[in-house]
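Down below is the structure, laid out as structure tokens.
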Amino acid sequence: MRRLLFIFGTRPEAIKLCPVVLYLRKHAPEFDVRVCVTAQHRGLLDQVLAAFEIRPDVDLDVMLPGQTLFQSTSRILAGLEAVLADQQPSMVFVQGDTTTTFCGALGAFYRQIPVGHVEAGLRTGDMLEPFPEEMNRVLTTRLAALHFAATGGAAQNLIGEGIDPATISVTGNTCIDAVLHVRDGLENGTMVSRDWPELDPNKKLLLVTAHRRESFGEGFEQICLALAALAHRPDVQIVYPVHPNPNVQGPVNRHLCDLANVHLIEPQSYVPFVDLMRRAHILITDSGGVQEEGPSLGKPILVMRDKTERPEAVEAGTVKLVGTDRNRIVSEAVRLLEDSEAYQSMARVHNPYGDGHASRRILDATRSFFNK
Ligand code: UD1
Ligand code: UDP
């Protein structure tokens, strides 16, 4: 039996690969589907594994507090050598653009194992934004044998770089499989969130997440000042699950911990976080995944970045890039709070990033690869 090894390590990779693992285990009995987590993230990863009830076959447990790129890269690559020798997979699957993604693809390449890259073809065209993810994307593309692009635009990016179109499939993004599954579960009562005693039903909820490396320092100072200014409005409440990275925790706690109307909470498990997104009036974020999930839930999204590799929702008008300038973040949020026409034009349900069936298309393309 052919063995497929899924390698992942951070929260977004887990949210985007766990649905694929579960789908393949259910629908593809010809494959032995194994999971190796690097645990580049520890707590954030374990939350997702618990939510999807997946027990890894291998856990490298590499995370160090405040880890540098050198530390995570070398620890992951060193750990994978023995795993790949031991597991002898027929194909390795990686997702996205993290250090784990790049090291998983590089390790597989060193052993001449074909790599399937999920969420292939995202590009901003700027190697420093997002950093180091844009470089990880480009390098992973060169290392991969099969490219699962979420959108036609991402597939075109790959073709433009000379990737053989026969190796590219447009699948949709697997996080749409995840978010629609949870949305439906919350709506039909088969999934439960948690209680939100901190939420005031009479105030509009601004849901915030932020963690990008290129915003560390001045960018985060500006983001925090913008949120503090918005928190003065009596009609809003801000809920911010704070990423555990010390570069994020520092400024966020310094600027926002004692403000009324601001609820700094722990990173949420996936089901309660989707519930929070459903309850939100506006999503304010720099997250890739939240930018993709928000349109499926019909939420306006202000993206605190200058460039995005996900242009589809910007073009459709439901995502707006607002950068990390304090005044711009405040003015764009106030506009959505006060101008109902502007709000309605951004609050539309649409699915530019997928229809919830990406896992099936990934299986189809994988089967064709082995049947050739
Ligand atoms: C990483 C990815 C980024 C992705 C993000 C998703 C890289 C270079 N960066 O960034 O692409 O968008 O994850 O969240 O791969 N920490 C904990 N517990 C956790 C997770 C992190 O304490 O569960 C803290 C640790 O101190 C850790 C630090 O956060 O050293 C940074 O983690 P790291 O994975 O290096 O970078 P992120 O900023 O999380
Ligand atoms: N998310 C979550 N709990 C939270 C915040 C985010 O489950 O408290 C989910 C979110 O729905 C999305 C993913 O985490 O699927 C995004 O992860 P992150 O922002 O860490 O990384 P990025 O997508 O920017 O790479």
* Structure fact -> Nearest 10, in degrees from 0 to 90: the angle of helix 246-256 to the longest Cα principal axis of the chain is 10 degrees
* Count of lysine pairs in the chain with Cα atoms under 30 Å apart, counting only pairs 8 or more residues apart in sequence or on different chains? -> 15
* Local net charge near Leu5, Cβ-Cβ under 13 Å (Lys/Arg +1, Asp/Glu -1) -> +1
* Structure fact -> Semi-axes in Å, largest first, for region 204-243 (Cα gyration tensor, √(5λ)) are 20, 12, 5
* Sorted from fewest to most neighbouring beta carbons within 10 Å, what does the list Leu264, Leu60 look like? -> Leu264, Leu60
* To do: Any chance you could get the radius of gyration and Dmax over the Cα atoms of the chain, in Å?
  => 20.1, 62
* For His263, His117, order by how many other beta-carbon atoms lie within 10 Å, fewest first -> His263, His117
* To do: Would you mind pulling out the separation of the Cα centroids of region 52-102 and region 249-294, in Å?
  => 27 Å
* Structure fact -> Over its alpha-carbon atoms, region 280-344 yields an Rg and a Dmax in Å of 10.8, 29
* Structure fact -> Rounded to a whole number, the Stokes-Einstein D of region 1-91 in µm²/s (Kirkwood radius over Cα pairs; 10 °C; 1.306 mPa s) is 117 µm²/s
* Asked: Expressed as a rounded percentage, what relative contact order does the chain have, with Cα pairs under 8 Å and six or more residues apart?
  -> 15 percent
* To do: May I ask for the equivalent-ellipsoid semi-axes of region 205-291, computed as the square root of five times each C-alpha gyration tensor eigenvalue and listed largest first in whole Å?
  => 18, 17, 11
* Structure fact -> Listed with the fewest Cβ neighbours within 10 Å leading, Val94, Val62, Val138 appear as Val138, Val62, Val94
* Picking from Ala149, Ala347, Ala50, which is most flexible by a Gaussian network model of the chain using Cα springs under 10 Å? -> Ala50
* So what is the relative contact order for region 37-101, in percent, with contacts set as C-alpha pairs under 8 Å and at least six apart? -> 34 percent
* Spherically averaged projected area in nm², based on the convex hull that wraps the Cα atoms of region 122-163 -> 2.7 nm²
* Answer rounded, prolate or oblate for region 158-309, using the Cα gyration tensor with square roots of eigenvalues a ≥ b ≥ c: rounded when a/c is under 1.5, else prolate when a/b is larger than b/c, else oblate. => oblate
* Across 5 Å bins from the origin, how do the percents of Cα pairs in region 94-157 run, short distances first? -> 4, 22, 31, 25, 13, 5, 0
* Asked: For Thr318, what is the net charge nearby, where nearby means another residue's Cβ is under 9 Å from its Cβ and Lys, Arg count +1, Asp, Glu -1?
  -> +3
* Asked: If you build a Gaussian network model of the chain, linking Cα atoms that sit under 10 Å apart, which residue out of Asn245, Asn253, Asn202 swings the most?
  -> Asn202
* Structure fact -> Total charge of the residues flanking Phe370 in space, meaning their Cβ is under 12 Å from its Cβ, with Lys and Arg +1 and Asp and Glu -1, is +2
* How much mean residue ellipticity at 222 nm does the chain get from its helices, if each DSSP H run of length 4 or more adds -39500 (n - 2.57) and you divide by all residues, to the nearest 500 deg cm²/dmol? -> -15000 deg cm²/dmol
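Where a number appears in this text, it was derived from the coordinates with a stated rule and is not lab data. The shown structure was predicted, so the numbers you read here are calculated from the model rather than taken from an experiment. So basically every Cβ, Gly included, is an ideal-geometry build from the backbone, and we count neighbours across all protein chains shown.
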